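Please read the structure below before turning to the comments.
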Amino acid sequence: MSSDLTKVIERVLSDEQNVREASAPYVTEFPYDRDKEAQVTRREFCNFLFLTSSALLVSTAGFAGKAIYDAGSEVKFTPARIQGALDLKPGTALNFTYPDKEDTAILIRSEDGKYSAFGQKCTHLSCPVFYSKENKRLECPCHEGGFDAKTGTVLYGPPPRPLDMIELEVQNGEVFAVGRRVRGNES
Ligand code: FES
């Protein structure tokens with residue numbers, strides 16, 4: 001046992017002895033059992049520990065539940081026309097923002113002419129992904145993550161979940177972004 005700890009224990013025992021000696025003359029007038037009192041204190045302390053750990057458990061479960069809910073949530077926003085989508089050549093991509101200016105996204109037109117769109121933030125550490133025409137996939141240059149260009153699912157690397165999906169609708173020959181879906185680990 002370290003000498004510091006020994007000193008602390010000795011001081012506590014000495015304090016306890018001093019209190020007992022000082023209160024001894026009054027014990028008959030004011031019966032007070034210090035041993036029982038110490039037990040109550042321990043019980044109270046255990047109750048306190050139980051309550052705080054229960055509260056921690058409940059709040060942790062709440063946060064976990066919300067994270068699971070958020071991870072699979074789809075949010076509809078005001079539809080926004082994606083400028084330049086019609087002129088996009090198959091096998092190429094363009095950047096846009098949706099729903100707000102800071103929400104960067106990428107629209108891809110695959111070789112078969114179909115559109116798909118995703119949030120541009122890599123789900124690992126938020127680096128912007130780009131479309132590799134050569135490899136026909138979305139790639140993250142930061143830690144070599146790769147995503148499927150049609151589904152946004154993780155192909156390789158450290159990203160833990162697919163890219164956010166931008167829901168698209170084609171109306172009167174124009175391509176609109178209509179919603180954004182945050183996805184959990186779907187593997
Ligand atoms: S930030 Fe994309 S792989 Fe790390």
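Compute the FRET efficiency between residue 77 and residue 134 as 1/(1 + (r/R0)^6), taking r as their Cβ-Cβ distance and R0 = 35 Å, and round to the nearest 0.05.
For residue 77 and residue 134, the calculated efficiency is 0.60.
Taking amide H positions as modeled 1.01 Å from N, with prolines and chain starts lacking one, the residues under 5 Å from residue 155 and 5 or more places away or on another chain are 146, 147, 148. Going by neighbour counts of Cβ atoms within 10 Å, the residues 106, 166 line up, fewest first, as 106, 166. Between residue 156 and residue 47, the C-beta separation translates, for a Förster distance of 41 Å, into a calculated FRET efficiency of about 0.20.
Laboratory data are not the source of any read-out in this text; all were calculated from the coordinates shown. In this text, all values refer to a predicted model and were calculated from it rather than measured experimentally. Here Cβ is always computed from backbone atoms with ideal geometry, including for glycine, and neighbour counts include all displayed protein chains.
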